[in-house]
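Colleague: Starting off with a structure, shown below.
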Ligand SMILES: [Mg+2]
């Protein structure tokens, strides 16, 4: 299938974009008209064959996951997703049913999350390379960040940690939005609790004491601390605030060497997933 035919098929699958997207697939650029009183947030996330997934993984799952990872970043900042752009490099033998299934997975999640595909780019390559950019919006000045935690704040996660790769990602969009104006810091767990909490501590110039970590069925504490791909939210709340239902308190932000983590009196090294290592 040639490039033009592939783009036409993607446009057909994507359907009409939501109303703020004035121009979607088909022109040189997409046009988005933001509402007043909003900040726009942008994130991009890659999935590369052999690095993030095996070549024989189901295309529908890969498509869904590629968008879910970016939506998780949007959720982490309390934003709602407005549109996405998808850049895709594919071998020629993947432009047919493979690409259709890929976009069906991606677009089904986009519809559930109330967002739309507004454009992108396709190219030929020996292996599959995917990049999904999502634009989200949050009330002006209110987006959740990593750098606002205060000493004495309690630390929470939105679910059990240490899940295996194949489990579905449910981007915590409504939870993130419910934390606006409440959480002092928030981020999503993509690389592992130890390294992600370390990053939040560094951003907030604090240390953290962990009391307990809720384990996913069958997961070890080691995996829950250092394994990646959880895509739960990690956030801090002032002591006096009640956490949302279903979230687990895991510790407290404390004054100490910035970035330092401890659990049961022992120092924990930030050892989650890191590229180039
Ligand atoms: Mg993130």
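Computed from the coordinates by the stated procedures, all read-outs in this text should not be read as laboratory data. No experiment lies behind these values; they were computed from the predicted model shown. Cβ atoms come from the backbone with ideal geometry, glycine included; neighbour counts cover every protein chain shown.
Colleague: Which angle from 0 to 90°, rounded to the nearest 10, does the C-alpha axis of helix 59-76 make with the longest principal axis of the chain?
Modeller: Its long axis makes an angle of about 50 degrees.
Colleague: How large is the Kirkwood hydrodynamic radius of the range 1-123, in angstrom, based on all distinct alpha carbon pairs? Write out the running numbers ahead of the final one.
Modeller: Working: mean 1/r = 0.0665 Å⁻¹.
For the range 1-123, inverting the mean 1/r across all distinct Cα pairs yields 15.0 Å.
Colleague: Once you have a ≥ b ≥ c as the square roots of the Cα gyration tensor eigenvalues for the range 190-255, tell me rounded if a/c is under 1.5, and otherwise prolate or oblate according to whether a/b is larger than b/c.
Modeller: It is oblate, given that a/c is not under 1.5 and a/b is not larger than b/c.
Colleague: So if each residue of separation counts as 0.36 nm, and I subtract the Cα-Cα distance between residue 57 and residue 18, what length gain in nm does that give?
Modeller: Contour length minus Cα-Cα distance gives 11.0 nm.
Colleague: Would you work out the Kirkwood radius for the range 63-123? I mean one over the mean of 1/r across all pairs of different Cα atoms, in Å.
Modeller: 12.1 Å
Colleague: Could you compute the FRET efficiency for residue 44 and residue 242, with r as their C-beta to C-beta distance and R0 at 25 Å, rounded to 0.05?
Modeller: So the FRET efficiency works out to roughly 0.15.
Colleague: Next up: Percent relative contact order of the range 165-274, based on C-alpha pairs within less than 8 angstrom and at least six residues apart?
Modeller: Numbers: 188 pairs, mean separation 45.5, N = 110.
Computed over the range 165-274, the figure is 41 percent.
Colleague: In bins 5 Å wide, starting from 0, what share of all Cα pairs of the range 125-277 does each bin hold, as a percent?
Modeller: Histogram of Cα-Cα distances, whole percents per bin: 2, 9, 18, 23, 20, 14, 8, 3, 1, 1, 0.
Colleague: Please work out how much length the chain gains when fully extended from residue 93 to residue 31, using 0.36 nm per residue of separation minus the C-alpha to C-alpha distance, in nm with one decimal.
Modeller: 19.1 nm
Colleague: Still on this structure: In Å and whole numbers, how far do the C-alpha atoms of the range 61-186 stretch along each principal axis, longest first?
Modeller: If we take the Cα atoms of the range 61-186, the spans are 55, 33, 23 Å.
Colleague: Normalising by the residue count of the chain, find the relative contact order in percent from Cα pairs under 8 Å and 6+ residues apart. Present the calculation step by step, with values, prior to reporting the outcome.
Modeller: Values: 646 pairs, mean separation 59.3, N = 277.
Relative contact order comes out at 21 percent.
Colleague: Now, a different point. Quick one: grab the alpha carbon gyration tensor of the range 226-272, order the square roots of its eigenvalues as a ≥ b ≥ c, and give me rounded if a/c is under 1.5, else prolate or oblate depending on whether a/b is larger than b/c.
Modeller: Numbers: a/c = 2.26, a/b = 1.23, b/c = 1.84.
Taking the square roots of the gyration eigenvalues as a ≥ b ≥ c, the range 226-272 is oblate.
Colleague: Rounded to the nearest 5, what % of the DSSP beta bridges within the chain are antiparallel ones?
Modeller: 75 percent
Colleague: If you fit an axis through the alpha-carbon atoms of helix 193-204 and take the longest principal axis of the Cα set of the chain, what angle between them do you get, 0 to 90°, nearest 10?
Modeller: Long axis of 193-204 versus the principal axis of the chain: about 80 degrees.
Colleague: Let me ask something else about it. Could you tell me what % of all Cα pairs in the chain have separations over 29 Å?
Modeller: 36 percent
Colleague: To one decimal place, what orientation-averaged projected area in nm² is obtained for the convex hull of the Cα set of the range 122-204? Display every interim value, and only then the final one.
Modeller: Working: hull surface 32.2 nm².
The directionally averaged projection comes out at 8.1 nm².
Colleague: Something else now. To the nearest 10 degrees, how steep is helix 3-14 against the longest Cα principal axis of the chain, on a 0 to 90 scale?
Modeller: Result, in degrees: 60.
Colleague: Shifting gears a bit: Relative contact order of the range 80-221, please, whole-number percent, based on alpha carbon pairs below 8 angstrom and at least 6 residues apart.
Modeller: Computed over the range 80-221, the figure is 29 percent.
Colleague: Shifting gears a bit: Could you give the nm distance between label points at residue 9 and residue 151, where each point is 7 Å from its Cα heading toward the beta carbon?
Modeller: Placing both labels 7 Å along Cα→Cβ, they lie 6.0 nm apart.
Colleague: So what is the 222 nm mean residue ellipticity for the chain from helices alone, if each DSSP H run of at least 4 adds -39500 (n - 2.57) and you divide by all residues, rounding to the nearest 500 deg cm²/dmol?
Modeller: Values: 6 runs with 70 residues, N = 277.
The per-residue figure over the chain is -8000 deg cm²/dmol.
Colleague: Quickly rank 71-81, 257-267 as a protection proxy: mean count of other C-beta atoms within 10 Å, highest first.
Modeller: 71-81, 257-267
Colleague: How long is the gain from residue 262 to residue 211 if the chain were fully straight, where each residue apart is worth 0.36 nm and the alpha carbon distance is subtracted?
Modeller: That works out to 17.5 nm of additional length.
Colleague: Once the Cα gyration tensor of the range 104-149 is found, what semi-axes does its equivalent ellipsoid get, as square roots of 5 times the eigenvalues, in whole Å, sorted largest first?
Modeller: So the three semi-axes of the range 104-149 are 29, 16, 10 Å.
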